[in-house]
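Step one of this worksheet: look at the structure below.
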Amino acid sequence: MTSEPTYGESALLTPANMLTASRLLVAPVFIYLIVFDRISWWTALVGFLAAASDYFDGIVARRHGTTTSGAFLDPLADKVIVLGSLYALILARPHGLKGFIIPAVLITVREIWMSVFRARAARRGISIPASKLAKWKTFTQDWAIAFCVIPVTARHPWIGVTVIWIAVVLTLYTGWQYYVEGKKVGLRAR
């Protein structure tokens, strides 16, 4: 349920954007903790706070009205957290997390492509909001990372690797969906 927008479409300093900015500020702390204190409740807590801010900034944005800056910043924060965390996990345990290298590369390529695709669409005045399935994709990526840093589940790396491969499938599928939808409105992935 959305109400009348509180902020204009071009507003930058909104409550939702402040939550997104906090996620961007927490990202380096979370990545640092993964590399140097990988399996710990502190690492899990910081990751949980970052994921929770993603959830709440969406609620706040829908309540106060979405903005073009939020449409840019929110996916950026997601990419920084997810990709930074994946590469931090690989760096922290290069031998124990070989199953994360290919998923990290696939997710990176899709995210770069999607950023270029969105930028091209924006130049043509077309907004590409996140689909419901893309939100589940991010949620699944967050859980895969969580399973690698929570002390209870991190001792079983296959859990995180399995969940990240599920996220890879969702990531590639949603990328394909965006491409198909973009073709319908005349966008090309050149």
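The table for this structure:
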{"quantity": "Single residue of the stretch 17-34 satisfying the filter (hydrophobic (A, V, I, L, M, F, W, C) and surrounded by fewer than 18 Cβ atoms within 10 Å (Cβ to Cβ)) that is farthest from Asp74 (Cα to Cα)", "calculated": "Val29"}
{"quantity": "Residues (of a type in the set (A, V, I, L, M), surrounded by 15 or more Cβ atoms within 10 Å (Cβ to Cβ) and more than 16 Å from the chain's Cα centre (by Cα)) located in the stretch 135-163", "calculated": "Val149, Ile150, Ala154, Ile159, Val161"}
{"quantity": "Unique match (being farther than 24 Å from Ile90 by Cα and in contact (Cβ under 8 Å) with a residue 60 or more places away in the chain) among Ile164, Ile126", "calculated": "Ile126"}
{"quantity": "Enumeration of residues in the stretch 165-187 that are crowded, with 21+ Cβ neighbours inside 10 Å and touching a Ser or Thr at 6+ places or on another chain (Cβ under 8 Å)", "calculated": "Ala167, Thr174, Tyr178"}
{"quantity": "Pairs, first more than 20 Å from Leu86 (Cβ to Cβ) in the stretch 106-119, second not aliphatic (A, V, I, L, M), C-beta under 7 Å, six or more apart", "calculated": "Phe117/Tyr178; Phe117/Gly182"}
{"quantity": "Cross-chain or 6+ apart pairs with Cβ under 9 Å, the stretch 23-35 first and in contact (Cβ under 8 Å) with a residue 40 or more places away in the chain and more than 11 Å from Ala88 (Cα to Cα), then in a helix (DSSP H, G or I) and acidic (Asp, Glu)", "calculated": "Arg23/Asp54; Arg23/Asp57; Arg23/Asp74; Arg23/Asp78"}
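Let's see how each residue does on (1) modelled with pLDDT of 75 or more; (2) farther than 14 Å from Ala146 by Cα; (3) in contact with an Asp or Glu (Cβ under 6 Å, 6 or more places away or on another chain); (4) in a helix (DSSP H, G or I):
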{"position": "Ala11", "(1), (2), (3), (4)": "no, yes, no, no"}
{"position": "Leu24", "(1), (2), (3), (4)": "yes, yes, no, yes"}
{"position": "Ala44", "(1), (2), (3), (4)": "yes, no, no, yes"}
{"position": "Gly47", "(1), (2), (3), (4)": "yes, no, no, yes"}
{"position": "Ala51", "(1), (2), (3), (4)": "yes, no, yes, yes"}
{"position": "Gly58", "(1), (2), (3), (4)": "no, yes, no, yes"}
{"position": "Thr66", "(1), (2), (3), (4)": "no, yes, no, no"}
{"position": "Pro75", "(1), (2), (3), (4)": "yes, yes, no, yes"}
{"position": "Leu83", "(1), (2), (3), (4)": "yes, no, no, yes"}
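The values are calculated or read from the model by the stated rules, or taken from the named source; none is laboratory data. All of these numbers come straight from a predicted model, not from anything done at the bench. When we count neighbours, we look across all protein chains shown, and the Cβ atoms used for this are built from the backbone with ideal geometry, even at glycine.
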